[in-house]
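Colleague: Below is the structure I would like to discuss, written out as structure tokens.
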Amino acid sequence: MFFLSETLTSGAEDVCLQSMRASHSRRFFCLAVSFLLVASASFAGREPSDAEQAAWSMARPLEKEGYFFRAEAWEKELKPEMGKAVRVQLFKGNDYRFCIAVPMDSGVQITAAVLDGDGKPQGQLQSVEQGWGLVLSFKPKRTGVYAVAIRQTDKGKMKAVPCAMITGYQ
């Protein structure tokens, strides 16, 4: 330990500074690793919502047909008075499937369309009988940014619910 009245020689000062830097580096490294471990554990342990599980229930049979689905799902609250538009980058030549769902037991029914750059609806819908989910098929003629527009229909209950979308392509 050094007191304020003591002076360090140049060599002793360098050793002391190097020791302090190494100590700070080790602390920072340990803190960063701890943060990453906690963050990854919280994401890894996340259970998919009812809406996401419903969307995956429609995607799994399509995987057997050769469609590749992104691991992450888009999920937001869908209110009766306001739909959602999700911007997506699509590539010419790919055949896309958007599996979109709300919780199966919610009583809410949904519809969706791919909107091109002019806002014209595109794509083909295949809805589940109860209306809680659908598969939207689309093969773009051009590479570009499109929007997937999702809204509730007046055929089901009108209430705010979580809505999930999983994107696949072939």
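Colleague: Once you have the Cα-Cα distance between Glu63 and Gln130, take 0.36 nm times their residue separation minus that, and quote the gain in nm to one decimal. Provide the component values of the computation, followed by the final result.
Modeller: Values: separation 67, 0.36 × 67 = 24.12 nm, distance 2.26 nm.
Result for the pair: 21.9 nm of gain on full extension.
Colleague: Here's another thing I want to ask about it. Using a 1.4 Å probe over the heavy atoms of the protein chains, calculate the carbon and sulfur portion of the accessible area of the range 81-170 as a whole percent.
Modeller: Details: 2300 of 4870 Å².
With neighbouring chains kept in place, the figure for the range 81-170 is 47 percent.
Colleague: Another question, then. Taking 0.36 nm per residue of separation and subtracting the Cα-Cα distance, what length does fully extending Thr153 through Lys139 add?
Modeller: 2.6 nm
Colleague: Output the relative contact order of the range 40-130, whole-number percent, from Cα pairs under 8 angstrom with separation of 6+ residues. Intermediate results must be reported in sequence, preceding the final value.
Modeller: Numbers: 42 pairs, mean separation 28.3, N = 91.
That works out to 31 percent.
Colleague: Sorted by average packing, counted as other Cβ atoms within 10 angstrom per residue and highest first, what order do 131-139, 145-153, 86-94 take? Mind showing how you got there, number by number?
Modeller: Values: 131-139: 20.3, 145-153: 18.3, 86-94: 13.0.
Result, highest mean first: 131-139, 145-153, 86-94.
The values are calculated or read from the model by the stated rules, or taken from the named source; none is laboratory data. Computed from a prediction, not measured in an experiment: that's the story for all the values here. Don't worry about glycine lacking a Cβ; one is built from the backbone with ideal geometry, like all the others, and counts go over all protein chains shown. In case anyone asks, the SASA skips ligands and DNA or RNA and just uses the protein heavy atoms, side chains included. Shrake-Rupley method; radii C 1.70, N 1.55, O 1.52, S 1.80 Å.
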